[in-house]
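**Q** Before I ask anything, here is the structure I am working with.
The values are calculated or read from the model by the stated rules, or taken from the named source; none is laboratory data. Keep in mind that what you see is a predicted model, and the values were worked out from it rather than measured. Ideal geometry is used to build each Cβ from the backbone, glycine not excepted, and the neighbour counts take in all protein chains shown. Keep in mind that these areas ignore ligands, DNA and RNA; they rest on the heavy atoms of the full protein, side chains included. Shrake-Rupley method; radii C 1.70, N 1.55, O 1.52, S 1.80 Å.
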Amino acid sequence: MSTGILPAERLDALIGELWAAGYTVIGPVREGGALLYDEVRGSEDLPVGLVDRQEGGRYFLEPSGDGRFFGHTVAATPWKRFLDPPRRRLWRAERRNGQLHFLVETEEEVRFAFLGVRACDLHGIRIRSAVAEAGPEPDEALLDRRRSALMVAVQCTRAGGTCFCADLGTGPAVDLPADLVLTELLEDGPHRFLAESRTEAGAKILQRLSLGPAGEVDRAAAARAVAATRRTLAERSPRLEREGLRELLYRQLESPLWDEVAGRCLSCANCTLVCPTCFCSAVEDVTDLEGARLERWHRADSCFTAEFSQIHGGPVRASTRARYRQWLVHKLAYWSDQFGEPGCVGCGRCITWCPVGIDLTEVVRDLRRREAEESGERER
Amino acid sequence: MAQRKPRLAVFKFTSCDGCQLSLLDCEDELLAVAERVEIAHFLEASSRVLPGPYDIGLVEGSISTPAQVEEIRRVREACRLLVTIGACATAGGIQALRNAADVAEYQRLIYPAPEQIRALERSTPVADHVAVDFELRGCPIDKGQLMELLSALLNRRCPRLARHAVCVECKARGAVCLAVAGGGPCMGPVTQAGCGALCPAHGRPCYGCFGPKENANVDALVHWWRHVQGVERAQIAAQLQNFNAAAAAFEDAARRLEGEK
Ligand code: SF4
Ligand code: SF4
Ligand code: SF4
């Protein structure tokens, strides 16, 4: 809709406009040895001059050697933390004079502005919202939070060590209508952002900032930056080959490979908890000692816990083999049957934050290779 | 409802009293507890002892002497529901470190009259001797979990005592994962939740004081520490052999680590 140049030193003006417009601004912040998403009051809260190094089961921060605010890639937290809080009270009830009184939970109204959303995460938010919308009981609370949120996307000028968005078509370029899209530029001019609005709400914010116009040089620099990221991703592609993926998994449900992965997997649930699209939850009731007050809570759960599939007599998925298979096959096959596309956006979080570095793309490659070897043997 | 109040009893075996103290520590809730149950046997709090049977028995401490083997059977018979509280009662406690050593040798070294000492070869969890209805893990137990258990039992519902990893609580808190982000060997992925990820949230890798989670794959974590992260064997052994050294999943992994030399 409109574009302009935001000088780096005016990033605070943008953050200020967002707060002034009534948004709670959430963006990348440093917490100990990693980046998380949390409240951002000003540009000094951002991890300026830091890049993240990510590989299977390993994460660390390094100085970038330049003053970039967004030189890093996806932070540890998935944005779903804000749209679908991991713990949330659903309702309360009180017993007064032998009668139960139900108290509906009124949510404090928060409008979020997500600052620094990457292309893959925008898709993650889209897919998570699509799940919330599906079925007979849409999750209106989540959908309300999503509808009222403002997305300030940032183009990836670098690919992280575990990223594979290109294989899933979710990045690296921001292709969804984020409200604002920023590209951080250091070349061919001073430190600045190419700022582009793609919605009315985004355009209004830009208008209030009265930015200078973007020139050809700026657009060319922005295009080059994203192209470089695309090249890095292409060099390691395909980490996850989409072709025939769903069918491959359905053919390999009894592969001995699942036992091998189960030998390494801790069934700790971290992969599902950091995944932007995983949506599973549990509902728990809490009472006080007198039995006069009852609370019903919603909390994040995972197919890696025994409680998750507990029915009379025990869990349906008692073994880690069954749990790992459920996770991988749900993400990459059942999800397509349910929602028409895979439940993975290639953000790489489940690989980085797995305490023993299990890489789902590697598991898929192994399944493929084994199947090819086996059919080769049969032909001989 | 002219029902009599359920009777609560607290028993202690080999332990430091810390878990019983957690009950006294429940200050605000303690009055409410006293309203709802009759505290019939709780020597740490009162010398008044009412005879059994009891409705709920909380048992602290491990079984580590022949006399205790007899005593715990009597306690079991006196309690309708038996709940073990803390790492000692659920897994043998820190004193189970002697399970892998020569106890007679220790006795000779420490006591002037070792022949006076009657100790079992191993410090054992209560569940090795009698049937246990519920377990509260931890060194010490978590107050919140104790209140949850009592509330559930008094209101006849199933208590919420998760068996999954500490990681689930760590992520719910929004803490940075120490295991991955250079914080050192964290026991969280193989340790049962319940503490609310207390240590990791304060930047200290989990010590495993809640014992093994359901389905714990300790060998896989040990393998990662040793062969990928290059953690010293002694540091790994220290992680496995503390509050829950005698819990099967930790004990077996420690033995295999030892055998790998
Ligand atoms: S499955 Fe892994 S890579 Fe895919 S979206 Fe989830 S966390 Fe990201
Ligand atoms: S992979 Fe597991 S936790 Fe994630 S959505 Fe599927 S069943 Fe739920
Ligand atoms: S794949 Fe990794 S993160 Fe996921 S449950 Fe297994 S060990 Fe945990």
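**Q** Mind listing whichever residues of the stretch B:40-95 are open to solvent by 10 Å² or more (accessible area, probe 1.4 Å), free of Cβ contacts under 8 Å to residues at least 40 places away in the same chain and in contact with a Pro (Cβ under 9 Å, 6 or more places away or on another chain)?
**A** B:HIS41, B:GLU77, B:ARG80
**Q** Further question on the same structure: Of everything in the stretch B:118-155, what is in contact (Cβ under 8 Å) with a residue 12 or more places away in the chain, over 12 Å from the mean Cα position of the chain (by Cα) and part of a helix (DSSP H, G or I)? Give them in sequence order.
**A** Just the residues of the stretch B:118-155 that are in contact (Cβ under 8 Å) with a residue 12 or more places away in the chain, to begin with: B:118-150, B:153-154.
So of that shortlist, the ones also over 12 Å from the mean Cα position of the chain (by Cα) come out as B:118-123, B:128-133, B:143-150, B:153-154.
Residues satisfying the conditions are B:ASP128, B:LYS143, B:GLY144, B:GLN145, B:LEU146, B:MET147, B:GLU148, B:LEU149, B:LEU150, B:LEU153, B:LEU154.
**Q** Run down A:GLU107, A:GLU9, A:GLU31, A:GLU44 and say which single residue is open to solvent by 40 Å² or more (accessible area, probe 1.4 Å) and either within 14 Å of chain B (Cβ to nearest Cβ) or within 16 Å of ligand 3 (Cβ to nearest atom) (or both).
**A** Numbers: A:GLU107 fails: either within 14 Å of chain B (Cβ to nearest Cβ) or within 16 Å of ligand 3 (Cβ to nearest atom) (or both); A:GLU9 fails: either within 14 Å of chain B (Cβ to nearest Cβ) or within 16 Å of ligand 3 (Cβ to nearest atom) (or both); A:GLU44 fails: either within 14 Å of chain B (Cβ to nearest Cβ) or within 16 Å of ligand 3 (Cβ to nearest atom) (or both).
Sole residue among the options that is open to solvent by 40 Å² or more (accessible area, probe 1.4 Å) and either within 14 Å of chain B (Cβ to nearest Cβ) or within 16 Å of ligand 3 (Cβ to nearest atom) (or both): A:GLU31.
**Q** Shifting gears a bit: Of all residues in the stretch A:12-28, which are open to solvent by 20 Å² or more (accessible area, probe 1.4 Å) and part of a strand (DSSP E or B)? Walk me through how you get there before you give the answer.
**A** At the first step, the residues of the stretch A:12-28 found to be open to solvent by 20 Å² or more (accessible area, probe 1.4 Å) are A:12-13, A:16-17, A:19-24.
The one that is open to solvent by 20 Å² or more (accessible area, probe 1.4 Å) and part of a strand (DSSP E or B): A:THR24.
**Q** Scanning for something open to solvent by 10 Å² or more (accessible area, probe 1.4 Å) and either modelled with pLDDT of 95 or more or within 14 Å of the chain's Cα centre (by Cα) (or both), does the stretch B:27-35 turn up at least one residue?
**A** Start the filter on the stretch B:27-35 by keeping residues that are open to solvent by 10 Å² or more (accessible area, probe 1.4 Å), which leaves B:27-32, B:34-35.
Now narrow it down to the ones that are either modelled with pLDDT of 95 or more or within 14 Å of the chain's Cα centre (by Cα) (or both): none.
Within the stretch B:27-35, none of the residues are open to solvent by 10 Å² or more (accessible area, probe 1.4 Å) and either modelled with pLDDT of 95 or more or within 14 Å of the chain's Cα centre (by Cα) (or both).
**Q** Looking at (1) open to solvent by 40 Å² or more (accessible area, probe 1.4 Å); (2) touching a Phe, Trp or Tyr at 6+ places or on another chain (Cβ under 8 Å), find the lone condition where A:GLU94 falls short.
**A** Here A:GLU94 clears every test but (2).
This table checks each residue for (1) within 15 Å of ligand 3 (Cβ to nearest atom); (2) within 14 Å of chain B (Cβ to nearest Cβ); (3) of a type outside the set (A, V, I, L, M, F, W, C).
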{"position": "A:ALA333", "(1), (2), (3)": "no, no, no"}
{"position": "A:ASP337", "(1), (2), (3)": "no, no, yes"}
{"position": "A:GLU341", "(1), (2), (3)": "no, no, yes"}
{"position": "A:VAL345", "(1), (2), (3)": "no, no, no"}
{"position": "A:ILE358", "(1), (2), (3)": "yes, yes, no"}
{"position": "A:VAL363", "(1), (2), (3)": "yes, no, no"}
{"position": "A:ARG369", "(1), (2), (3)": "no, no, yes"}
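**Q** Quick check on my filter: what residues within the stretch B:179-212 are at the interface with chain A (Cβ under 8 Å from one of its Cβ atoms) and in a loop (DSSP other than H, G, I, E, B)?
**A** Residues of the stretch B:179-212 at the interface with chain A (Cβ under 8 Å from one of its Cβ atoms): B:179-183, B:186, B:188-190, B:203.
Residues satisfying the conditions are B:ALA179, B:VAL180, B:ALA181, B:GLY182, B:GLY183, B:CYS186, B:GLY203.
**Q** From the residues in the stretch A:331-340 that are within 14 Å of ligand 2 (Cβ to nearest atom) and more than 20 Å from B:VAL168 (Cα to Cα), which one is surrounded by the most Cβ atoms within 10 Å (Cβ to Cβ)? So that I can check it myself, show each step before the final result.
**A** The initial filter retains those residues of the stretch A:331-340 that are within 14 Å of ligand 2 (Cβ to nearest atom), namely A:331-339.
In the following step, the residues that additionally are more than 20 Å from B:VAL168 (Cα to Cα) were identified as A:332-339.
Values: A:LEU332: 23, A:ALA333: 19, A:TYR334: 16, A:TRP335: 19, A:SER336: 16, A:ASP337: 10, A:GLN338: 14, A:PHE339: 15.
Among residues in the stretch A:331-340 that are within 14 Å of ligand 2 (Cβ to nearest atom) and more than 20 Å from B:VAL168 (Cα to Cα), the one surrounded by the most Cβ atoms within 10 Å (Cβ to Cβ) is A:LEU332.
**Q** Against the definition (in contact (Cβ under 8 Å) with a residue 60 or more places away in the chain, in the same structural domain as A:TYR59 (by TED's automatic domain parsing), out of contact with any Pro (no Cβ under 8 Å at 6 or more places or on another chain) and closer than 26 Å to A:ASP337 by Cα), how does A:ALA195 come out, yes or no? Reasoning before the result, please.
**A** Numbers: in contact (Cβ under 8 Å) with a residue 60 or more places away in the chain: yes; in the same structural domain as A:TYR59 (by TED's automatic domain parsing): yes; out of contact with any Pro (no Cβ under 8 Å at 6 or more places or on another chain): yes; closer than 26 Å to A:ASP337 by Cα: no.
Taking the combined requirement at face value, the residue does not satisfy it.
Residue by residue, here is whether (1) open to solvent by 50 Å² or more (accessible area, probe 1.4 Å); (2) more than 10 Å from ligand 2 (Cβ to nearest atom) holds:
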residue	(1), (2)
A:VAL261	no, yes
A:ASN270	no, yes
A:VAL283	yes, yes
A:GLY291	no, yes
A:ALA300	no, no
A:THR305	no, no
A:HIS312	yes, yes
A:CYS350	no, no
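**Q** Would you mention how many residues in the stretch A:300-330 are within 13 Å of ligand 3 (Cβ to nearest atom), among the small types (Gly, Ala, Ser) and part of a loop (DSSP other than H, G, I, E, B)?
**A** 3
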